[in-house]
Structure formats: C-alpha cells, structure tokens
Amino acid sequence: MFRWKREHVFLVLTALLLSACSDSPSEQSASPAPATPPVPFEYVGSTACAGCHRAQHDAWRVSHHARAMRLPTEANVSGDFGDVTVQLEGTSTRFWRRNDDYVVDAVDRDGAVDTFPVRYVFGADPLEQYVLDYPGGRGQVTTIARDVAGARWFSIHPGESIGHTDVLHWSGQLQNWNSQCAECHSTALVKGYAATTDTYATTFAEISVGCEACHGRGSRHVAWAQTPDNSVASKALEVVLQASDGRWQRDEGARISHRTPPLSGHAQTDACGRCHARRTSQTDDYRYGRPLLDTHRPALLSDPLYWPDGQIRDEVFEWGSYLQSKMSAAGVACSNCHDPHSAALKAEGDALCAQCHDPAAFAAPAHHHHTEGVACVDCHMPAKTYMVIDPRRDHSFSIPRPDLSSRLGTPNACSNCHQDSTTEKLSAAVANWYPDGRHRQPHFADAFASVDVHELMAVAADSTRAAIVRASAWAALPGALTARQQIDALIEATRDRDALVRFGALQAVAMLPHEQAVPIAAPLLTDAVKNVRIDAARIVAASDDKLPEPLRAPLQRAIVELISAESYNSDREFGNLNLGNFYAQRGDLPQAEHAYTAGLKVAPDSVALRVNLADLFRHRGDDERALSILQEALAHNPSEAAVYEALALTYVRLNRYTEALDMLNAGLVRLPAELRLQYLRVLTIDSTGDRLRAAQEAARLRKAHPESELIQSLQFN
C-alpha cells in the first residue's frame, strides 16, 4: 500500500548518511551460500517450490505477500466496478467495465478526464488500491481506495481536495508504482527507467511477493533437489534465512527465555527490512544475504518519521522500530513471532508473548496492574492507523512512558485507554506501581527532543544502546563538533563493528570542516558495506588529488557506485539533486548543471533544484541568470521561504539593497513567522545605511523571540 502525506514531501538536502570500517562478523555471516552446483542462479517461480514444499506453498498462497499485487480478475477485485461514479473530496472518479477490462475515468495530470485501464490490483486487506496504466510505461496508484470489509470507497487523503497540479495527485510521481511501490509488491523488480525519454519499461520475475523474493533465486536449489547431495552447502539455496538454528529456553527461576546459541547474523532482518523499512532503493541488483545498506538507504529515527522516544509516527513500517527493541538485542527474529510463509502470528493474544515470557510473571495483575481486558500488545505494542483504516503495531516493544508525554508531548499507551486522565496522573500511577522501574532511567528521547550536543553525544557513545539509536544520535547532531574528546568519539564510531553506527556517524563527519573530515572519512572508502563507501566518497571526492595513493583507486570505485546509486533515482527529484550537488562539489559545473536541469524535467516545481542551479550560475559570475532562475522558482513556489531568501541574498550581492528588502518584505507578508527572513531583513536594513532602524527592529525581535539564538545574535552597539 502506498500513500504520501503532504507534510512529509521533503526536499532531500546535500548531506546524506555516511559510515565506515570493515564488516562485523555478524554481517559477514549473512553472506550468500557457496554456489556449488554448476547451474546459474535464475528465478524459477513459486510454483516450482510447491512440489517439495506443499505445506509452505499453501500457507503462502493465502498470505498478504502472495496477494500483494494481482491481475484484475473477478476473483481479485473487490471494488464495485458496476459503472459507479464516486464523489470524494471534490473529485469525481468513475469505476466501470469495458468488456472484460476494469477501467477508471479520472482527472489526469493535465486536468482532463481520461479513461485508464486497471493494470494491477494492489493489496488485499484491509484495503485495495488500483494501479492504472498511464502513458510512458507508468503505473499510477489510485488515491481512491476500496475498504474491503466495509465495502465502500474512500480517499486516502480524507478532508483534502487534491487537484491535478498537487504533488499528492494520483497521477504524480509520488503515486508512481514503478518507483514507489512495485519493488515491495512483486519479485525481482527491474524498474527500467530511461532518463533520456522519461519512460519506464518495468518488469518483474513474479507478480506479488513470491518465495524467491526472500529465499533468493531458486534454480540451483531445484537442481540440487533433483539429485540431493548433502555435501552441498545450504542445499544450494542462494541465502539461508534460518533464525531457527538455535532454540529458546527458560532456565529454572528465570522469567524470560534466552536464545542458545546467540543469533549470529542479520540475514533475516535485512531481508525483511528490504520492504518493511522506510528506505530508498538504489539498484535493481539486489544481493541476497548481503546487508540492507548495500542496496538501500534506510531512514533513521528522525522527526517527523518517529517521535523523539522512537515510537512510530509517520508510515515507517517495522524495521526501524524493531531494531530499537530489547527483543532484537536478545536475538528474536521476525519468524519467531510470524509464520514466515503465511505471515500469520504463531499464536493468538498473550500466548504469542508467552513463548518466551513466563505468563505467571507477566500476564498477571502484579505486573500489569489491571483487573481485566488488557493484553501485552496494548501496553507494549500500541497501534497507529495508517491509510485511514489500516492499524499497525509499534515493534519497538517499549514500556509506556506517560512521564515522557508530560515533558515532550510523545504518545503513550496508557493514554490510549485512559483518555480522561492527565499524563501527570498516569505518570504518578506508573511510579507507584514500579518504584524502581525503567521510568527512573534516562531515555534518549530527551536528547532527541532537545537536540543538545552533549546529550546526543552521550547517547551516541553509549555502546549499550541499540545501533539504530546510536546512529540516529550521531545523525541528529545540530552542528560540527569542536572538542577533541568529541571528535575522538566520532572517529571511534566510524570504526564501530555495526555498519548502522558507521552509517550514522558519517553524517556527523560530513559537518566537520572539510580538511578535518577527509582523513576521518577516507579509510571508509574500503568499507565492506556499499552505502558506507559511497558516503565516504561524498566527503572525500573533492580531495582526490590529496589522498594517499592506496586510497585513490578505492575512491574512484566508490564514486562509480555513488553515481550509479543516484542515477538509479534519476526519475526522482532527490536523485538529480544529489548528483548535481556531488558534481558541484567536485567542481564539475557542466555536469552539475545537467543534473539540476534534468531534475527539473521530472520535478518542475522543485525549489532545491532551482536554488542550487541559480547558485551554480552565481559561481560562474552570471548573477542575472541566477536571478532569472530564482524568479521562476518564486513563480512556482510563492510560499517557500528559501526562495525569498535566495533572491534577497542575490540582490544583496549585486548591491541592490532596496530590491533585497522588497523581496524580504514580500516573503514576510506570506510567511510572517519565518525568523530567518526577519533576521535577514534586519541585516539588509543595516546595509542600506539605516543603522538606527536596524537596531530598533533587532530590539523588537529579540524581545519577541527570546528562545531564538539566531535572533538574539542581532546586536547593535
């Protein structure tokens, strides 16, 4: 299922995630099994598995994975296509049949009503969407969806009127099946985007999520099964996802089971995370058994995707939550709770948790302090509803913290039921029940909410915390580190055994002065994980002539990987923006200009692309061309503060202070709360020679905004 919310349509900025060092043993253990039979790895389809694995195949056939994407047939379509016109949020959409085809009449991106055949049915429960054939090989996903159980049509953007020029319109890039959805609803996707023609030729090996989407290409295993040879490693499977190679046991007197031997790898978590993470794809060449960071860039625990305490906020799926959890640290894998073929829970209700947690200790009033009607998941896996009707549970398995809600405004499970009580009262109850409970311990939420360097450093350097929390703390640092002790801790993080920590730490490295960042990042050009290598290359790329000879070849290889990863997303604004920024950093201005202008073809309203393109012309000394580009940006985006700022600064550079002031005033009419525009306005007034007026304006702003360091820096003596 796919849906974007308006407030989460972000510009991807220049600095991306970074990391370093060689792979940890756990990462190496997830490598693909040795290829013994002389048969090439090829996709054979899920039906080839049924002969030997009938029970697993039958369980899979009724799963959400098997029904993730289907052809539009009588058996697969639950929506009413009996010539029904649906009026929702000011939009009229007609669902009807043309002979055997399912078709939809809808407003296209040009504002005209046209007829579009349904290419695929998308999802099965609790809702269906429809992938419509669109020119250029595109599949576009409808934002009018079908509530399967409720037998009704509904908008996934309730209360919003989405016009054809809106970025959330069904015909736009954000609802594009080829780049946004298809990878996780099919097997072995090849996106097939051609930037020269702005068209797609998307293919896949199997419709829906088949056996090989998780287990890898099956040709060698099928060949092995025909003449079994126990000497062949891993039965010739491309990847082994066994999290069941150990056992869980609860020692006498213990309340929680432990895994023996400890889980040695992350192959299963990374395989599931490929689709159950908020992430960006970088290649069609997925490597089974390799770390997720080799092919995808996962989101860390940042606002507005997550609350400061790590609870789910936006549609982030499960991977980022799960990695925070004590379950993950203990070696619990996805298949310990979910049947890997049916995707159903292995037990119902509290019995699922009782697999490892002693019910006498935990499913008892002495633990939960409720008399009846409370389940483990109500407190430890609160649900949030996405797509209007799709509740999903938080997989961080955290304890309720109403005290954090009081301080930081985060949600808490207690308030979900006790809506008539204050968080202060709920906090007091928790403190009374658990006088020595975890609520007495520091939580990383305070550091993430305050964005305080020292607090974030304490979290980032705490090796007892989950890797994703430490990585997120490094990435959240608000500025460059200056203290020697802090920089030493950062260098140590770039050598961490967990690639995710290295991944986050390099974001902090990127904020250091260039001459300081390069020697820290350079060793990571040979990292075992691709996204670490290419992010190291972003930092080092402009200093290739200063690198030691042994690192120059690794840099060139990492640059090739970087360009390939960004070019894969040349159908998206951020891919072109990142490419342009990379070339600009290298001093290759023609290539940077090409990337920015290519980006404007796929994202004509992009502020970031136009601002960066204008800056390119400014560097060339062509300020008039820069002004023209920024004026185009203003026409496309009259409510973007960055455009007013860029225009004003360009006028200032040309000593056209009156026009700069006019631009800032115009911006503040539309955006009166933008403090940076207020700040620049004061400086511009001073530049006109009216120092008294500038001082008066500064005094007024300092009084009105005592919390703003930027405004408080406006001092006129």
Probe radius 1.4 Å, ligands and nucleic acids ignored: give me the carbon and sulfur share of the accessible area of segment 546-629 as a rounded percent. 53
List the lysines whose Cα sits under 29 Å from the Cα of Lys235, skipping any in the same chain fewer than 8 residues away. Lys346, Lys530
Once you charge only the Cβ atoms, +1 for Lys and Arg and -1 for Asp and Glu, what is the size of the charge dipole of segment 446-588 about its Cα centre, to the nearest 20 debye? 280
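Net charge around Thr410, counting only other residues with Cβ within less than 13 Å of its Cβ (Lys, Arg = +1; Asp, Glu = -1)?
Summing Lys/Arg as +1 and Asp/Glu as -1 gives -1.
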Which of the peptides 407-417, 570-580 is most tightly packed, and how do the rest follow, judged by the mean count of other Cβ atoms within 10 Å per residue? 570-580, 407-417
Could you work out the relative contact order of segment 306-458, using alpha carbon pairs under 8 angstrom and six or more residues apart, expressed as a whole percent? 24
With charges only on Cβ, +1 for K and R and -1 for D and E, what is the dipole size of segment 116-215 about its Cα centre, in debye, rounded to 20? 140
How large, in percent, is the carbon and sulfur part of the accessible surface of segment 285-350 at a probe radius of 1.4 Å? 56
Among 359-371, 316-328, 282-294, how do they line up by average Cβ neighbours within 10 Å per residue, starting with the highest? 316-328, 282-294, 359-371
Helix-derived [θ] at 222 nm for the chain: sum -39500 (n - 2.57) over DSSP H runs of at least 4, divide by residue count, nearest 500? -11000 deg cm²/dmol
So how far, in whole Å, is the C-alpha centre of segment 569-610 from the one of segment 355-399? 46
If you average the sequence gap of Cα pairs under 8 Å that are 6 or more apart and divide by the length of segment 221-332, what percent do you get for the contact order? 20
Using a 7 Å offset from the Cα along the Cα-to-Cβ direction at both Cys417 and Arg484, what is the distance between the two label points in nm, to one decimal? 5.5
Could you grab the relative contact order for the chain? Cα pairs under 8 Å, six or more apart, rounded to a whole percent. 13
Distance in nm between label sites at Val62 and Val84, each 7 Å beyond Cα in the beta-carbon direction? 2.6
Dipole magnitude of the chain, debye to nearest 20 (Cβ charges: Lys/Arg +1, Asp/Glu -1, about Cα centre): 720
Which order do the peptides 380-393, 174-187 come out in when sorted by mean C-beta neighbours inside 10 angstrom, highest first? 174-187, 380-393
Just to check I understand the Karplus step: with θ = phi - 60° and J = 6.51 cos²θ - 1.76 cosθ + 1.60, what whole-Hz values come out for segment 128-134, glycine and proline as x? 10, 10, 10, 8, 9, 5, 9
Name the shape class, rounded, prolate or oblate, that the alpha-carbon gyration tensor gives for segment 401-555, where a ≥ b ≥ c are the square roots of its eigenvalues, rounded holds for a/c under 1.5, and otherwise prolate holds if a/b is larger than b/c and oblate otherwise. prolate
Which whole-angstrom value gives the distance between the alpha carbon centres of segment 282-350 and segment 160-185? 24
Leaving out ligands and nucleic acids, and using a 1.4 Å probe, what accessible area per residue does segment 138-247 come to in Å²? 40
Positive end of the dipole of segment 560-717, charges at C-beta (+1 Lys, Arg; -1 Asp, Glu), about the Cα centre: which of Ala584, His636, Ser570 has its Cα farthest in that direction? His636
Leaving out ligands, DNA and RNA, what percent of the accessible area of segment 107-226 is carbon and sulfur, probe 1.4 Å? 54
In whole angstrom, and with the biggest value first, how far do the Cα coordinates of segment 298-402 range along each principal axis? 38, 37, 30
Values of log10 I(q)/I(0), in the order q = 0.08, 0.10 Å⁻¹, for the chain under a Debye, Cα-only, solvent-free model: -0.74, -1.19
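The values are calculated or read from the model by the stated rules, or taken from the named source; none is laboratory data. A quick note: this is a predicted structure, and the numbers were derived from the prediction, not measured. Cβ atoms come from the backbone with ideal geometry, glycine included; neighbour counts cover every protein chain shown. The area values use the complete protein model at the heavy-atom level, side chains included, leaving out ligands, DNA and RNA. Shrake-Rupley method; radii C 1.70, N 1.55, O 1.52, S 1.80 Å.
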